[in-house]
(Lines give C-alpha, C1' and ligand atoms only; values in the text may rest on other atoms or scores of the structure.)
Protein backbone atom coordinates (compact mmCIF):
# COMPACT_ATOMS: atom_id res chain seq x y z
CA UNK A 1 0.00 0.00 0.00
CA UNK A 2 1.32 3.44 -0.97
CA UNK A 3 1.88 6.03 1.83
CA UNK A 4 -0.93 8.25 0.56
CA UNK A 5 -3.29 5.25 0.59
CA UNK A 6 -2.46 4.65 4.25
CA UNK A 7 -3.20 8.32 5.01
CA UNK A 8 -6.46 8.11 3.07
CA UNK A 9 -7.58 5.03 5.03
CA UNK A 10 -7.01 6.91 8.31
CA UNK A 11 -9.04 9.95 7.23
CA UNK A 12 -12.54 10.73 8.41
CA UNK A 13 -15.38 10.21 5.89
CA UNK A 14 -15.59 14.00 5.44
CA UNK A 15 -11.86 14.24 4.64
CA UNK A 16 -12.10 11.32 2.22
CA UNK A 17 -15.01 13.07 0.50
CA UNK A 18 -12.82 16.18 0.06
CA UNK A 19 -10.13 14.04 -1.55
CA UNK A 20 -12.59 12.40 -3.95
CA UNK A 21 -14.06 15.76 -4.98
CA UNK A 22 -10.58 17.13 -5.53
CA UNK A 23 -9.74 14.20 -7.82
CA UNK A 24 -13.05 14.58 -9.68
CA UNK A 25 -12.27 18.24 -10.34
CA UNK A 26 -8.76 17.44 -11.59
CA UNK A 27 -10.16 14.84 -13.97
CA UNK A 28 -12.90 17.23 -15.12
CA UNK A 29 -10.24 19.81 -15.97
CA UNK A 30 -8.55 17.28 -18.21
CA UNK A 31 -5.45 16.96 -16.04
CA UNK A 32 -3.02 14.49 -17.64
CA UNK A 33 -1.68 13.30 -14.29
CA UNK A 34 -2.14 9.60 -13.48
CA UNK A 35 -5.11 8.96 -11.22
CA UNK A 36 -2.91 7.52 -8.47
CA UNK A 37 -0.85 10.70 -8.51
CA UNK A 38 -4.04 12.79 -8.37
CA UNK A 39 -5.07 10.93 -5.21
CA UNK A 40 -1.63 11.59 -3.72
CA UNK A 41 -1.78 15.32 -4.50
CA UNK A 42 -5.34 15.71 -3.22
CA UNK A 43 -4.63 13.68 -0.08
CA UNK A 44 -1.66 15.93 0.68
CA UNK A 45 -3.80 19.04 0.15
CA UNK A 46 -6.46 17.85 2.59
CA UNK A 47 -3.82 16.83 5.10
CA UNK A 48 -2.33 20.34 5.00
CA UNK A 49 -5.63 21.65 6.31
CA UNK A 50 -5.48 19.05 9.09
CA UNK A 51 -1.93 20.09 9.97
CA UNK A 52 -3.01 23.72 10.28
CA UNK A 53 -5.66 22.65 12.78
CA UNK A 54 -3.12 20.54 14.66
CA UNK A 55 -0.73 23.49 14.92
CA UNK A 56 -3.50 25.60 16.41
CA UNK A 57 -4.27 22.84 18.92
CA UNK A 58 -0.58 22.57 19.78
CA UNK A 59 -0.63 26.19 20.91
CA UNK A 60 -3.71 25.38 22.95
CA UNK A 61 -2.07 22.52 24.80
CA UNK A 62 1.50 23.74 25.27
CA UNK A 63 1.92 27.49 24.96
CA UNK A 64 -1.53 28.96 25.54
CA UNK A 65 -1.18 28.89 29.34
CA UNK A 66 1.98 30.99 29.11
CA UNK A 67 0.20 33.83 27.29
CA UNK A 68 -1.31 36.69 29.24
CA UNK A 69 -4.96 37.65 28.85
CA UNK A 70 -3.87 40.68 26.82
CA UNK A 71 -2.33 38.37 24.22
CA UNK A 72 -5.83 37.30 23.11
CA UNK A 73 -8.38 39.19 21.05
CA UNK A 74 -11.02 37.73 23.43
CA UNK A 75 -9.26 37.91 26.83
CA UNK A 76 -12.14 36.59 28.93
CA UNK A 77 -12.38 33.38 26.91
CA UNK A 78 -8.70 33.30 25.83
CA UNK A 79 -9.63 32.99 22.18
CA UNK A 80 -7.81 34.22 19.06
CA UNK A 81 -4.20 34.74 20.21
CA UNK A 82 -2.59 37.83 18.64
CA UNK A 83 0.85 37.88 20.32
CA UNK A 84 2.85 37.57 17.07
CA UNK A 85 2.43 38.23 13.34
CA UNK A 86 1.58 34.65 12.42
CA UNK A 87 -1.22 34.45 14.98
CA UNK A 88 -2.57 37.88 14.01
CA UNK A 89 -2.90 36.66 10.41
CA UNK A 90 -4.56 33.51 11.72
CA UNK A 91 -6.97 35.59 13.83
CA UNK A 92 -7.86 37.70 10.80
CA UNK A 93 -8.65 34.57 8.78
CA UNK A 94 -10.59 32.84 11.57
CA UNK A 95 -12.42 35.81 13.09
CA UNK A 96 -15.77 35.15 11.42
CA UNK A 97 -15.49 31.42 12.13
CA UNK A 98 -15.11 31.93 15.88
CA UNK A 99 -18.20 30.80 17.76
CA UNK A 100 -19.70 31.51 21.18
CA UNK A 101 -18.92 35.25 21.23
CA UNK A 102 -21.33 37.93 22.40
CA UNK A 103 -21.83 40.95 20.10
CA UNK A 104 -19.72 43.05 22.49
CA UNK A 105 -16.93 40.46 22.60
CA UNK A 106 -16.95 40.32 18.81
CA UNK A 107 -16.66 44.10 18.48
CA UNK A 108 -13.85 44.25 21.05
CA UNK A 109 -12.02 41.36 19.39
CA UNK A 110 -12.25 43.08 16.01
CA UNK A 111 -10.71 46.29 17.40
CA UNK A 112 -7.88 44.34 19.04
CA UNK A 113 -7.14 42.29 15.92
CA UNK A 114 -7.04 45.36 13.66
CA UNK A 115 -4.79 47.16 16.16
CA UNK A 116 -2.46 44.15 16.25
CA UNK A 117 -2.44 44.05 12.45
CA UNK A 118 -1.29 47.68 12.33
CA UNK A 119 1.38 46.91 14.91
CA UNK A 120 2.87 44.12 12.79
CA UNK A 121 2.48 46.03 9.52
CA UNK A 122 -0.27 43.82 8.11
CA UNK A 123 -2.40 45.76 5.65
CA UNK A 124 -6.11 45.10 5.94
CA UNK A 125 -9.15 46.78 4.46
CA UNK A 126 -10.54 47.75 7.84
CA UNK A 127 -13.84 49.30 6.76
CA UNK A 128 -14.68 46.46 4.41
CA UNK A 129 -13.68 43.91 7.04
CA UNK A 130 -16.00 45.56 9.57
CA UNK A 131 -18.87 45.75 7.06
CA UNK A 132 -18.56 42.07 6.11
CA UNK A 133 -18.28 41.07 9.76
CA UNK A 134 -21.45 43.00 10.65
CA UNK A 135 -23.33 41.49 7.71
CA UNK A 136 -22.20 38.02 8.70
CA UNK A 137 -23.26 38.57 12.31
CA UNK A 138 -26.78 39.45 11.12
CA UNK A 139 -26.77 36.42 8.84
CA UNK A 140 -25.71 34.13 11.66
CA UNK A 141 -28.46 35.32 13.98
CA UNK A 142 -31.11 34.82 11.29
CA UNK A 143 -29.90 31.37 10.39
CA UNK A 144 -29.63 30.27 14.00
CA UNK A 145 -33.18 31.41 14.60
CA UNK A 146 -34.24 29.17 11.72
CA UNK A 147 -32.05 26.33 13.01
CA UNK A 148 -30.25 26.06 9.69
CA UNK A 149 -26.60 25.02 9.54
CA UNK A 150 -24.26 26.91 7.25
CA UNK A 151 -20.67 27.17 6.12
CA UNK A 152 -18.73 30.39 6.71
CA UNK A 153 -18.29 32.36 3.47
CA UNK A 154 -16.02 35.25 4.48
CA UNK A 155 -12.29 35.32 4.16
CA UNK A 156 -10.07 38.37 4.65
CA UNK A 157 -8.10 39.70 1.72
CA UNK A 158 -5.18 42.05 2.31
CA UNK A 159 -5.65 45.65 1.18
CA UNK A 160 -5.20 46.24 -2.52
CA UNK A 161 -4.73 49.33 -4.61
CA UNK A 162 -7.37 49.90 -7.35
CA UNK A 163 -4.88 48.64 -9.95
CA UNK A 164 -4.73 45.33 -8.06
CA UNK A 165 -8.50 44.73 -8.03
CA UNK A 166 -11.08 44.09 -10.72
CA UNK A 167 -14.81 43.56 -10.74
CA UNK A 168 -15.58 40.60 -12.96
CA UNK A 169 -18.74 38.95 -14.20
CA UNK A 170 -18.78 35.23 -14.85
CA UNK A 171 -21.01 32.21 -15.41
CA UNK A 172 -20.69 29.98 -12.35
CA UNK A 173 -22.89 27.12 -13.52
CA UNK A 174 -25.46 26.30 -16.16
CA UNK A 175 -28.11 23.66 -16.59
CA UNK A 176 -26.96 20.56 -18.43
CA UNK A 177 -24.44 17.74 -18.17
CA UNK A 178 -20.88 18.67 -17.14
CA UNK A 179 -17.61 17.19 -18.35
CA UNK A 180 -17.54 14.93 -15.31
CA UNK A 181 -20.94 13.46 -16.29
CA UNK A 182 -23.00 15.31 -13.69
CA UNK A 183 -26.34 16.81 -14.62
CA UNK A 184 -27.22 20.12 -12.98
CA UNK A 185 -30.93 20.92 -13.20
CA UNK A 186 -32.25 24.47 -13.41
CA UNK A 187 -34.44 24.03 -10.33
CA UNK A 188 -31.35 23.17 -8.28
CA UNK A 189 -29.19 25.93 -9.73
CA UNK A 190 -31.71 28.73 -9.18
CA UNK A 191 -31.75 27.98 -5.42
CA UNK A 192 -28.12 29.11 -5.13
CA UNK A 193 -27.18 32.52 -3.69
CA UNK A 194 -23.46 33.07 -4.16
CA UNK A 195 -23.14 36.41 -2.35
CA UNK A 196 -20.19 36.18 0.05
CA UNK A 197 -18.79 33.01 -1.52
CA UNK A 198 -14.99 32.88 -1.48
CA UNK A 199 -12.93 32.41 -4.62
CA UNK A 200 -9.72 30.38 -4.78
CA UNK A 201 -7.24 28.99 -7.30
CA UNK A 202 -7.64 25.29 -8.22
CA UNK A 203 -9.84 24.47 -5.20
CA UNK A 204 -6.96 24.81 -2.72
CA UNK A 205 -8.74 26.16 0.35
CA UNK A 206 -5.89 27.90 2.14
CA UNK A 207 -5.95 31.48 3.43
CA UNK A 208 -3.15 32.70 1.16
CA UNK A 209 -4.86 31.10 -1.84
CA UNK A 210 -8.04 33.21 -1.53
CA UNK A 211 -8.26 35.67 -4.45
CA UNK A 212 -11.79 37.05 -4.46
CA UNK A 213 -15.29 37.26 -3.06
CA UNK A 214 -18.66 37.17 -4.83
CA UNK A 215 -20.77 40.31 -4.37
CA UNK A 216 -24.00 39.12 -6.00
CA UNK A 217 -25.46 36.41 -8.24
CA UNK A 218 -28.52 35.98 -10.43
CA UNK A 219 -30.15 33.60 -12.89
CA UNK A 220 -30.08 34.40 -16.60
CA UNK A 221 -32.09 31.74 -18.39
CA UNK A 222 -30.34 28.44 -17.66
CA UNK A 223 -27.19 30.13 -16.37
CA UNK A 224 -26.19 31.16 -12.85
CA UNK A 225 -24.21 34.38 -13.25
CA UNK A 226 -22.24 36.31 -10.65
CA UNK A 227 -20.25 39.48 -10.02
CA UNK A 228 -17.12 39.34 -7.85
CA UNK A 229 -14.17 41.36 -6.62
CA UNK A 230 -10.92 39.67 -7.66
CA UNK A 231 -7.48 40.64 -6.37
CA UNK A 232 -3.82 40.23 -7.14
CA UNK A 233 -2.33 38.76 -3.96
CA UNK A 234 1.11 37.97 -2.62
CA UNK A 235 0.76 34.38 -3.80
CA UNK A 236 -0.87 35.27 -7.13
CA UNK A 237 0.51 38.73 -8.05
CA UNK A 238 -0.38 38.49 -11.76
CA UNK A 239 -3.85 36.95 -11.53
CA UNK A 240 -5.70 39.98 -12.92
CA UNK A 241 -3.31 40.34 -15.83
CA UNK A 242 -3.72 36.64 -16.67
CA UNK A 243 -7.52 37.00 -16.59
CA UNK A 244 -7.37 40.10 -18.80
CA UNK A 245 -5.19 38.27 -21.32
CA UNK A 246 -7.55 35.29 -21.36
CA UNK A 247 -4.92 32.92 -19.95
CA UNK A 248 -7.28 32.22 -17.06
CA UNK A 249 -10.96 32.34 -17.96
CA UNK A 250 -12.60 29.20 -16.56
CA UNK A 251 -14.25 28.78 -13.17
CA UNK A 252 -15.32 25.68 -11.26
CA UNK A 253 -17.71 25.26 -8.36
CA UNK A 254 -16.93 23.39 -5.16
CA UNK A 255 -19.73 22.23 -2.92
CA UNK A 256 -21.91 19.41 -1.71
CA UNK A 257 -24.92 17.56 -3.01
CA UNK A 258 -26.60 14.21 -3.43
CA UNK A 259 -26.05 12.28 -6.65
CA UNK A 260 -28.65 9.99 -8.19
CA UNK A 261 -27.43 7.78 -11.04
CA UNK A 262 -29.99 7.58 -13.86
CA UNK A 263 -29.87 5.62 -17.11
CA UNK A 264 -30.41 7.34 -20.42
CA UNK A 265 -30.22 4.98 -23.37
CA UNK A 266 -27.03 2.99 -22.96
CA UNK A 267 -25.37 5.58 -20.70
CA UNK A 268 -25.60 6.55 -17.05
CA UNK A 269 -25.64 10.14 -15.79
CA UNK A 270 -25.15 11.38 -12.21
CA UNK A 271 -28.02 13.76 -11.49
CA UNK A 272 -27.24 16.29 -8.72
CA UNK A 273 -29.81 17.02 -5.99
CA UNK A 274 -29.66 19.22 -2.86
CA UNK A 275 -26.82 21.24 -4.37
CA UNK A 276 -24.98 23.65 -2.07
CA UNK A 277 -22.13 25.66 -3.59
CA UNK A 278 -19.46 26.44 -0.98
CA UNK A 279 -16.65 27.98 -3.05
CA UNK A 280 -15.66 28.91 -6.58
CA UNK A 281 -12.20 28.51 -8.11
CA UNK A 282 -10.35 29.75 -11.13
CA UNK A 283 -9.11 26.69 -13.03
CA UNK A 284 -7.21 25.89 -16.18
CA UNK A 285 -10.04 23.87 -17.69
CA UNK A 286 -13.51 23.76 -16.14
CA UNK A 287 -15.88 20.82 -16.01
CA UNK A 288 -18.79 23.00 -17.21
CA UNK A 289 -18.02 24.30 -20.68
CA UNK A 290 -19.84 27.62 -20.26
CA UNK A 291 -18.50 28.44 -16.79
CA UNK A 292 -16.23 31.31 -17.75
CA UNK A 293 -15.37 34.95 -17.09
CA UNK A 294 -17.59 37.11 -19.30
CA UNK A 295 -16.68 40.70 -18.37
CA UNK A 296 -13.84 42.55 -16.61
CA UNK A 297 -14.09 46.08 -15.19
CA UNK A 298 -11.42 48.12 -13.42
CA UNK A 299 -11.78 48.38 -9.65
CA UNK A 300 -12.47 51.72 -8.06
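The values are calculated or read from the model by the stated rules, or taken from the named source; none is laboratory data. Please read these numbers as outputs of a predicted model, since none were measured by experiment. Heads up, the Cβs are rebuilt from the backbone with ideal geometry, glycines too, and the neighbour counts pull from every protein chain shown.
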Q: Test residue 257 against the criterion of being in the same structural domain as residue 191 (by TED's automatic domain parsing), surrounded by 13 or more Cβ atoms within 10 Å (Cβ to Cβ) and not in a strand (DSSP E or B), and give yes or no.
A: no
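Please report, ordered by residue number, the helices (runs of 4 or more DSSP H) entirely within segment 14-133 with at least 3 residues that are crowded, with 18+ Cβ neighbours inside 10 Å, outside the structural domain of residue 180 (by TED's automatic domain parsing) and modelled with pLDDT of 85 or more.
Details: elements: 35-58, 85-94, 103-119.
Answer list for segment 14-133: 103-119.
Residues checked against (1) over 11 Å from the mean Cα position of the chain (by Cα); (2) modelled with pLDDT of 85 or more; (3) closer than 20 Å to residue 294 by Cα:
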position: 146; (1), (2), (3): yes, no, no
position: 157; (1), (2), (3): yes, no, no
position: 168; (1), (2), (3): yes, yes, yes
position: 178; (1), (2), (3): yes, no, yes
position: 181; (1), (2), (3): yes, no, no
position: 197; (1), (2), (3): no, yes, yes
position: 201; (1), (2), (3): no, yes, yes
position: 204; (1), (2), (3): no, yes, no
position: 207; (1), (2), (3): no, no, no
For this session: Please tell me if residue 224 is under 21 Å from the mean Cα position of the chain (by Cα), under 20 Å from residue 21 (Cβ atoms), modelled with pLDDT under 90 and assigned by TED's automatic domain parsing to the domain that holds residue 170.
Result: no
Per the filter on segment 227-260, residues within 18 Å of the chain's Cα centre (by Cα) and under 28 Å from residue 122 (Cβ atoms) are 227, 228, 229, 230, 231, 232, 233, 234, 235, 236, 239, 254
